[in-house]
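Participant: Quick one: structure below, then a few questions.
The values are calculated or read from the model by the stated rules, or taken from the named source; none is laboratory data. Since we're looking at a predicted model, the values are computed, not measured. Here the Cβ is made from the backbone with ideal geometry for all residues, glycine too, and neighbour counts use every protein chain on show.
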Amino acid sequence: MAKVRRLLSDCSETFNANFDAEIVRVLGLVDIRAYGHIIDSFYLFEDTELAKDHIRVNPMGRDFGLAYLKFYGVMNACYLQQQAAIVCSESLKLEIDLSPLHSARVVQFRNDFAAHSPNRGRGAGLHSFILDKFGLVQGRVSGYSSNAPDGFVSRDAKLTDLVSEWDAALEPVLGVISCAVATRINGAGVHET
C-alpha cells in the first residue's frame, strides 16, 4: 500500500500543473473526485492496520470499557477496509470477486455485535445479540440471540482469528487493486523514486 501511495505522490510531481486531468486519464477514472476516494482509501487501509496490529499484540485486559473500545475499534476497522476496497474496485472499474469480503465471519460478527444498533433487522425479523463481556476480556467474541427469527443463534470466535481470517480475504483484493494502480501509473512512464 505504501509503495503505491508513493507512486501516486510521484505522479503529482510528474504531472505537476496538469495533475487532475492526467491522474484521471492514467487511472481511467470518471473524475478527480474518484481519485480522492482512492487516495483516501489508501490512507484508510494504512490507518486501520494500526487497530488490527494492536489487537494482535496486546491482550484485551480486564478493563471492560477498554475491551469494548478495542473490540468496536477493530470490528469497524475491518468494516472500513471492506468499504474502501469496494470504493477502489468500483472507481478503478476492476472486476474483482468481492464475495469473500462480504461473507467474512468478521463482517457477520461486526453486524451482530458492533453495528449501529443493538438490534438487527426490521419488523418480524427484528432481533438482538448479547455480547459476553467476560469472554471479550479474554479475547473472545462470544454471544447469542435468543429472539432471532430462526430461533436461538450463538456466535463464538477468538478476535485475533477473526482478524486473521479477514486479512486472508482482504489481501488478494488489495493485491489486485495495488497492481492495477501501479500498472496504470507505470504505463504512463511514472516509476517509484
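Participant: Just to be sure before I move on: is D132 more than 16 Å from L80 (Cα to Cα), in contact with a Ser or Thr (Cβ under 7 Å, 6 or more places away or on another chain) and without any contact (Cβ under 8 Å) to a residue 24 or more places away in the chain in the structure I sent?
Facilitator: Yes, satisfied.
Participant: With closer than 24 Å to A85 by Cα, surrounded by 12 or more Cβ atoms within 10 Å (Cβ to Cβ) and not basic (K, R) as the only criterion, which of A157, A168, A148, A182 stands out?
Facilitator: Residue meeting the stated conditions: A182.
Participant: Here's a follow-up. So Y79 fits all but one of (1) touching a Lys or Arg at 6+ places or on another chain (Cβ under 9 Å); (2) over 12 Å from L170 (Cα atoms); what number is the exception?
Facilitator: Against the list (1) touching a Lys or Arg at 6+ places or on another chain (Cβ under 9 Å); (2) over 12 Å from L170 (Cα atoms), Y79 comes up short only on (2).
Participant: Oh, and also: With the requirement that a residue be touching a residue at least 12 places away in the same chain (Cβ under 8 Å), hydrophobic (A, V, I, L, M, F, W, C) and assigned to a strand (DSSP E or B), what does the stretch 137-152 give you?
Facilitator: Once the filter is applied, which keeps residues that are touching a residue at least 12 places away in the same chain (Cβ under 8 Å), hydrophobic (A, V, I, L, M, F, W, C) and assigned to a strand (DSSP E or B), the stretch 137-152 yields V141, A148.
Participant: Shifting gears a bit: Across the stretch 83-105, what is the total count of residues that are surrounded by 13 or more Cβ atoms within 10 Å (Cβ to Cβ) and in contact (Cβ under 8 Å) with a residue 60 or more places away in the chain?
Facilitator: Qualifying residue count, the stretch 83-105: 12.
Participant: Return the total of residues in the stretch 98-136 being assigned to a helix (DSSP H, G or I), modelled with pLDDT of 90 or more and among the aliphatic types (A, V, I, L, M).
Facilitator: Number of matching residues: 4.
Participant: If you don't mind, there's one more thing I want to ask. Taking the criterion of being without any contact (Cβ under 8 Å) to a residue 40 or more places away in the chain, under 30 Å from G123 (Cα atoms) and outside any helix (DSSP H, G or I), would at least one residue in the stretch 154-162 satisfy it?
Facilitator: yes
Participant: Counting only residues that are of a type in the set (S, T, Y) and touching a residue at least 60 places away in the same chain (Cβ under 8 Å), which one in the stretch 163-193 is farthest from C88 (Cα to Cα)?
Facilitator: T193
Participant: On to the next question. Residues that are closer than 25 Å to L8 by Cα, of a type in the set (D, E, K, R), more than 15 Å from the chain's Cα centre (by Cα) and outside any strand (DSSP E or B): does the stretch 168-189 have at least one?
Facilitator: Taking every residue of the stretch 168-189 in turn, at least one turns out to be closer than 25 Å to L8 by Cα, of a type in the set (D, E, K, R), more than 15 Å from the chain's Cα centre (by Cα) and outside any strand (DSSP E or B).
Participant: I've got another one for you. So how many residues does the stretch 125-139 have that are among the β-branched types (V, I, T) and surrounded by fewer than 18 Cβ atoms within 10 Å (Cβ to Cβ)?
Facilitator: 1
Participant: All but one of (1) surrounded by 16 or more Cβ atoms within 10 Å (Cβ to Cβ); (2) closer than 30 Å to D132 by Cα; (3) in contact (Cβ under 8 Å) with a residue 40 or more places away in the chain hold for R56, so report the exception by its number.
Facilitator: Among (1) surrounded by 16 or more Cβ atoms within 10 Å (Cβ to Cβ); (2) closer than 30 Å to D132 by Cα; (3) in contact (Cβ under 8 Å) with a residue 40 or more places away in the chain, the lone unmet condition for R56 is (1).
Participant: Here are the criteria: (1) surrounded by fewer than 20 Cβ atoms within 10 Å (Cβ to Cβ); (2) farther than 25 Å from V107 by Cα; (3) touching a Lys or Arg at 6+ places or on another chain (Cβ under 6 Å). Tell me which single one F64 does not satisfy.
Facilitator: Exception for F64: condition (2).
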